[in-house]
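One structure is given here, and the rest of the page talks about it.
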Amino acid sequence: MLEKIKETAQFIKNIIHETPDFAIVLGSGLGKLKDEVEPIHVLDYSEIPNFPQTTVVGHGGKLIFGLLEGKKVLMMSGRFHYYEGHDIQTVVFPFRVFHLLGIKNLILSNASGGVNPDFNVADVMIINDHINMIPEHPLRGKNLEEFGPRFVDMSEPYNRQMIKIARNTAENLGITAHEGCYVALQGPTFETPAEYGMIRAIGGDAVGMSTVPEVIVAKHQGMECFGISIITDVGGPDIAFTVSHEEVLAAADKAMPNVIKIVKGVVKNYNS
Ligand code: HPA
């Protein structure tokens, strides 16, 4: 695995030659951010050695290196989910590569179900903590000493300074942004009423199927992380609800302009 990570990193280095300031994962709600970047190099996942391939037909992923708000960014358009059948090492492989590229900061977005009763569909939530309930842990097994320690401090999973910048950006633009705890389950089913109740009971504000494995690996490597979630539906034991993929996509599209503005604020104003 280590050799593969090194080979992939070397391949990308030989093309981009520079160290990006941020890696950005274009999850649901951030897809159109790629239209705002000044692209310098665009690589199809299929041309990058050892890179995982997306399972969605017609949506081959792309790695986009370019400038956003004057900063160098490496964007992942197309991410890998555990529910697709990838093992967890495949899900986090790109993030191992990002460390060898020298990237220190990671930004991720996702779509999630809201369990905090104050949340409405198409709201945004700045992630300030998480609970990992995905059954396979990305750091289980022999520790990769070159990347980080065996036992990883997780006292600040999401960078406080970036959260503050995001909060200020939202406030200045008149965007309502909640803050809260994201709980990651493996999916691919959406939650039952009782499961939504459990998420709330354990301290979650929103629930989804991504982000947390990537953040764990990033923290192992000493990276700083920022995560933002779009509330695409709300559920709970005492409310009538249904969830469909179409509704999730529609709500993500509705909130996308706000998410993009907040992320651009973080990219512009966070200097590590
Ligand atoms: N659970 C519930 N609702 C959602 C999710 C999820 O994982 N993702 C997007 N909306």
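The values are calculated or read from the model by the stated rules, or taken from the named source; none is laboratory data. Everything numeric here is computed off the predicted structure, so don't read it as measured data. Ligands, DNA and RNA are stripped out before the accessible areas are found, and what is left, the full protein with its side chains, is counted by its heavy atoms. Shrake-Rupley method; radii C 1.70, N 1.55, O 1.52, S 1.80 Å.
Seen against the Cα atoms of the chain and their longest principal axis, helix 245-269 is set at about 60 degrees. Full extension of the segment from TYR83 to GLU69, taken as 0.36 nm per residue of separation minus the current Cα-Cα distance, would add 1.7 nm. Within the straight-line cut-off of under 25 Å between alpha carbons, the lysines reachable from LYS142 are LYS4, LYS6, LYS104, LYS219, sequence neighbours fewer than 8 places apart in one chain being disregarded. With all protein chains present, how much of the accessible area of the range 1-269 (probe radius 1.4 Å) comes from carbon and sulfur, to the nearest whole percent? The computed percentage sits at 51.
Using alpha carbon centroids, what distance separates the range 88-130 and the range 229-272, in Å? After rounding, the separation between the Cα centres reads 12 Å.
Once the mean of 1/r is taken over each pair of separate Cα atoms and inverted, the range 1-138 shows a Kirkwood hydrodynamic radius of 16.2 Å.
Once the Cα atoms are used to define both axes, helix 88-100 deviates from the longest principal axis of the chain by about 50 degrees.
Give the shape of the chain as rounded, prolate or oblate, defined through the alpha-carbon gyration tensor: a ≥ b ≥ c are the square roots of its eigenvalues, a/c under 1.5 means rounded, and otherwise the shape is prolate if a/b is larger than b/c and oblate if not. It comes out prolate by the Cα gyration axes. Residues in the chain average 44 Å² of solvent-accessible surface per residue, probe 1.4 Å, ligands and nucleic acids excluded.
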